[in-house]
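Chemist: Please read through the structure below; I'll follow up with questions.
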Amino acid sequence: MLKLAVGLLTATAVALLLDWYAPSEGLPPVGQSRRRQAPEPAPGAEAANLLWLVQVSDIHISRFRDPKRASDFEKFCSETIDIIQPALVLATGDLTDAKTRDILGSGQIEVEWKTYQSILKRSRVMEKTKWIDIKGNHDSFNIPHLNSVQNYYRKYSAWHKDGSFHYIHTTSFGNYSFICVDATLSPGPKRPFNFFGILNTDHMEELSLMATESLHSNHTIWFGHFPTSTIISPAPGIRTLMSSATAYLCGHLHTLGGLMPALHSQHRGGTLELELGDWKDNRKYRILAFDHDLLSFADLNFEEWPIVLITNPKSFLYSSSAHEPLVKILYSTHIRILAFSPFVITSVEVYIDTVHLGNAHQVSGPLYVLRWSPQNYSQGFHHIDVTVQDASGRTSTQSHVFALDENLSLRFSFWPSVILLTDHYVLARVLFGLMVLIQIALLVIFRYLQKPALKEKPGLLTLTSYSLHVFSKTNTFYYSILVLNLYTILGPWFIGELIDGHVGACFSFGVFVSGSFLQGGLTFVVGILQVLFFNLPLMAYLCWCLLQRCHGHSFCSHLRRVRRLTAVLVHLAMALLLAWQVYSCYFLQRTYGTLAFFLSPMRMWLVVLTSALIYKTWTLKSSELRSYIVEMKNCQSS
């Protein structure tokens, strides 16, 4: 029965999670009536009502690493953009790397910005397309205020202006709004404490006005550097604010080191959230197209040709009935494909459900079309494949699932949805608080709980409980660890130059610097790591050492009488954790200066405290543990 109950509870929890991360498109977005879904004009054989653009993110031009990164980017600007000829390009942050040679330090490096600007000028890309580049967290490292001379973004970028903005792209068939979300920090501390973006109430009101202005456009695209899951924002929250948008384009997460090559999901109101992999290591970029106001996109690798993008019928997974006139697919007369290559396109083969429909023909520029009868595919899901070959012999295939029945549903993958749709700063805050409170509760409970008498040969659970009693009832250890945990929540972890020339203090709940308070995001994550990989293991290690003392062992004797492998592994584990703490002290010194090294209660001072506590466990007078030692001997002899 217990197993059945656990299984049912687990299944219920999974079902609730899946439902929470699934989009809900029954109602139009907040503040927006559903756009009129007229079936005409529908996608046909003419090169009309078609707009495409490019996104690139996390370029990380670096003075010290990977010079090919800059040369490849120049080739992208001069050759790739020439071939694609987009109406505009969105460069969504981290234009420069801004890290020192040893990677530990950070700050704006003017030569990186000059390299970025020179690439834009030499390639003349700003003459070929509208180039919109925005700041990322790396572009804000070590900047005390926006008017600082260190704010090279203003001087060397194409856009020049800080803050969020609303750009309207006008075409003969309507307007398209692009709203930038600038959540970078000001002041901008050195790494790593600007990993999360922050929007205050004024920023939210400004963005709300832009959202209202954009309602008259054919479509609205929001874009920024940070995924919404890494933006700290007041109620009603950034996702609610952008609910009238068709998609939110971002970067920042760099495919999580290759673990998530495609981070895509959909908000509950139907807005797509599309994180783009980085240029830095993966040379990723994206092409998006509005074809008769149907949005399609493809994430691409640099120098992989030909490029294929099917714009009609569009992918069902990435469809939103709240934002797109999906009925136009049913009324369309032609399958439509964008194909790009530095060489002549020789064939565009189209298959639906493995049936060859024919070879699409070129209409104009990159647009290829093939007549079809959508009524033949009005029921269920169908699979379209398009294979393009160019004159060099290279081929490329794009495939996706489409459907003409809007009542069907497909879900995005679970983990990308968790990563993009969870407010991680809230989750980290809750987990951090719970972990510290659990450790404090353990200390207090065992402090005042009456210790049961040992009977017969105790098992592992009994010995663990016994060691916690000994630990909590010994004042030196009880008060030391209790104060450590309270200080982890309340006290400044360190004081140092969070920005060059500006002393600040870092707490679990945020950072004070340059007269400003920056809410905690990554600080809670660091706090979780501190508790999980040091505070808790330290308490467990001290309990284990005290238990050896209760057996009557000294430091030398326990190595002979306790199983040597066990003792060595326990001490080695603690030594490694202590080494990590010592390295953290070095990191502080390299990142925030010598002041931070010495004024770091949660780093340097904790190393000293830990060493003292470990020394105390093995030098504690036997008289202070006499009752426990006698009880343990009596239990072992019985």
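Chemist: Just to be sure I understand the filter: pairs with C-beta atoms under 7 Å, separated by 6 or more residues or on different chains, first member in the stretch 388-399 and of a type in the set (D, E, K, R), second member modelled with pLDDT of 95 or more and assigned to a loop (DSSP other than H, G, I, E, B). Which pairs pass?
Modeler: D390/W305; D390/P306; D390/S341; D390/F343; D390/V344; R394/W305; R394/P306
Chemist: A follow-up question, please. When you scan the stretch 303-318, do you find a residue that is open to solvent by less than 10 Å² (accessible area, probe 1.4 Å), closer than 30 Å to L95 by Cβ and assigned to a loop (DSSP other than H, G, I, E, B), even just one?
Modeler: yes
Chemist: Being over 24 Å from W305 (Cβ atoms), open to solvent by less than 20 Å² (accessible area, probe 1.4 Å) and modelled with pLDDT of 95 or more, is that true of even one residue in the stretch 77-85?
Modeler: No, that holds for no residue.
Chemist: Hey, does the stretch 454-473 have a residue that's within 22 Å of T610 (Cβ to Cβ) and surrounded by fewer than 17 Cβ atoms within 10 Å (Cβ to Cβ)?
Modeler: yes
Chemist: Checking V363 against (1) closer than 30 Å to L256 by Cβ; (2) modelled with pLDDT of 95 or more: exactly one of these is not met. Which one?
Modeler: So V363 meets the others, but not (1).
Chemist: Within the stretch 479-496, identify whether any single residue is in a loop (DSSP other than H, G, I, E, B) and open to solvent by 50 Å² or more (accessible area, probe 1.4 Å), and answer yes or no.
Modeler: The answer is no, given that none of the residues of the stretch 479-496 is in a loop (DSSP other than H, G, I, E, B) and open to solvent by 50 Å² or more (accessible area, probe 1.4 Å).
Chemist: Next up: Please name all residue pairs, on different chains or six or more residues apart, with Cβ atoms under 6 Å, provided the first residue is in the stretch 57-75 and is open to solvent by 60 Å² or more (accessible area, probe 1.4 Å) and the second residue is of a type in the set (A, V, I, L, M) and at pLDDT below 95.
Modeler: none
Chemist: Name the residue that is farthest from the chain's Cα centre (by Cα), counting only residues in the stretch 516-549 that are farther than 21 Å from L578 by Cα and open to solvent by less than 10 Å² (accessible area, probe 1.4 Å).
Modeler: G520
Chemist: Right, next: Are there any helices (runs of 4 or more DSSP H) wholly within the stretch 594-638 with 2 or more residues that are of a type in the set (F, W, Y), and if so which?
Modeler: Because the criterion is at least 2 residues that are of a type in the set (F, W, Y), the helices (runs of 4 or more DSSP H) in the stretch 594-638 that meet it are 594-598, 604-619.
Chemist: For the stretch 567-592, how many residues meet the condition of being more than 38 Å from the chain's Cα centre (by Cα) and open to solvent by less than 40 Å² (accessible area, probe 1.4 Å)?
Modeler: Here the count works out to 1.
Chemist: Return the only residue of C545, C506 being in contact (Cβ under 8 Å) with a residue 60 or more places away in the chain and outside any helix (DSSP H, G or I).
Modeler: C506
Chemist: Any residue at all in the stretch 555-566 that is among the hydroxyl-bearing types (S, T, Y), farther than 18 Å from E624 by Cβ and open to solvent by 20 Å² or more (accessible area, probe 1.4 Å)?
Modeler: Yes, because at least one residue in the stretch 555-566 is among the hydroxyl-bearing types (S, T, Y), farther than 18 Å from E624 by Cβ and open to solvent by 20 Å² or more (accessible area, probe 1.4 Å).
Chemist: Against the conditions (1) among the charged types (D, E, K, R); (2) within 24 Å of L442 (Cα to Cα); (3) without any contact (Cβ under 8 Å) to a residue 60 or more places away in the chain, where does R563 fall short? Just the number, please.
Modeler: (2)
Chemist: Take the conditions outside any strand (DSSP E or B), farther than 18 Å from E324 by Cβ, open to solvent by less than 30 Å² (accessible area, probe 1.4 Å) and among the polar types (S, T, N, Q) and apply them to T255. Does it pass?
Modeler: yes
Chemist: Follow-up question, since we're still on this one. Take Q362 and decide whether it is exposed (fewer than 13 other Cβ atoms within 10 Å of the Cβ), without any contact (Cβ under 8 Å) to a residue 60 or more places away in the chain and at negative phi.
Modeler: no
Chemist: Just the residues that are of a type in the set (F, W, Y) and surrounded by 13 or more Cβ atoms within 10 Å (Cβ to Cβ), please, taken from the stretch 611-638.
Modeler: Passing the criteria: W618, Y628.
Chemist: Name the single residue that is farthest from Q108 (Cα to Cα) among those in the stretch 183-194 being over 18 Å from the mean Cα position of the chain (by Cα) and open to solvent by less than 20 Å² (accessible area, probe 1.4 Å).
Modeler: P187
Chemist: Given the options L95, L104, name the one that is buried (at least 20 other Cβ atoms within 10 Å of the Cβ), aliphatic (A, V, I, L, M) and touching a residue at least 60 places away in the same chain (Cβ under 8 Å).
Modeler: One residue alone meets the criteria, L95.
Chemist: If you go through the stretch 111-139 one residue at a time, how many are farther than 18 Å from T80 by Cβ and touching a helix residue (DSSP H, G or I) at 6+ places or on another chain (Cβ under 8 Å)?
Modeler: 6
Chemist: Only one residue in L427, L449, L431 is open to solvent by 60 Å² or more (accessible area, probe 1.4 Å), farther than 30 Å from L50 by Cα and more than 30 Å from the chain's Cα centre (by Cα). Which one?
Modeler: Step by step, each of L427, L449, L431 is checked, and only L449 is open to solvent by 60 Å² or more (accessible area, probe 1.4 Å), farther than 30 Å from L50 by Cα and more than 30 Å from the chain's Cα centre (by Cα).
Chemist: Just to verify a result, which residue in the stretch 593-610, among those that are open to solvent by 40 Å² or more (accessible area, probe 1.4 Å) and either in contact with a helix residue (DSSP H, G or I) (Cβ under 8 Å, 6 or more places away or on another chain) or not assigned by the TED database to the domain that holds T474 (or both), is nearest to A540 (Cα to Cα)?
Modeler: L609
Chemist: Select, from G197, G277, G269, G224, the only residue that is buried (at least 18 other Cβ atoms within 10 Å of the Cβ), within 19 Å of L421 (Cα to Cα) and more than 17 Å from the chain's Cα centre (by Cα).
Modeler: Every option except G269 fails the conditions.
Chemist: Being farther than 22 Å from L522 by Cα, out of contact with any helix residue (DSSP H, G or I) (no Cβ under 7 Å at 6 or more places or on another chain) and open to solvent by less than 30 Å² (accessible area, probe 1.4 Å) is the requirement here; does A247 meet it?
Modeler: Yes: the conditions hold for A247.
Chemist: Residues that are over 15 Å from T333 (Cα atoms): find the strands (runs of 3 or more DSSP E) completely inside the stretch 352-392 holding 2 or more of those.
Modeler: Of the strands (runs of 3 or more DSSP E) lying wholly inside the stretch 352-392, those with at least 2 residues that are over 15 Å from T333 (Cα atoms) span 355-359, 361-364, 381-390.
Chemist: Scan the stretch 139-149 and tell me whether some residue there is in contact (Cβ under 8 Å) with a residue 60 or more places away in the chain, open to solvent by 30 Å² or more (accessible area, probe 1.4 Å) and of a type outside the set (F, W, Y).
Modeler: yes
Chemist: For the stretch 167-182, check the following and say yes or no: at least one residue is among the hydroxyl-bearing types (S, T, Y) and surrounded by 20 or more Cβ atoms within 10 Å (Cβ to Cβ).
Modeler: yes
The values are calculated or read from the model by the stated rules, or taken from the named source; none is laboratory data. All values reported here derive from a predicted model rather than from experimental measurement. Cβ sites come from the backbone with ideal geometry, for glycine too, and all protein chains shown count toward neighbours. The area values use the complete protein model at the heavy-atom level, side chains included, leaving out ligands, DNA and RNA. Shrake-Rupley method; radii C 1.70, N 1.55, O 1.52, S 1.80 Å.
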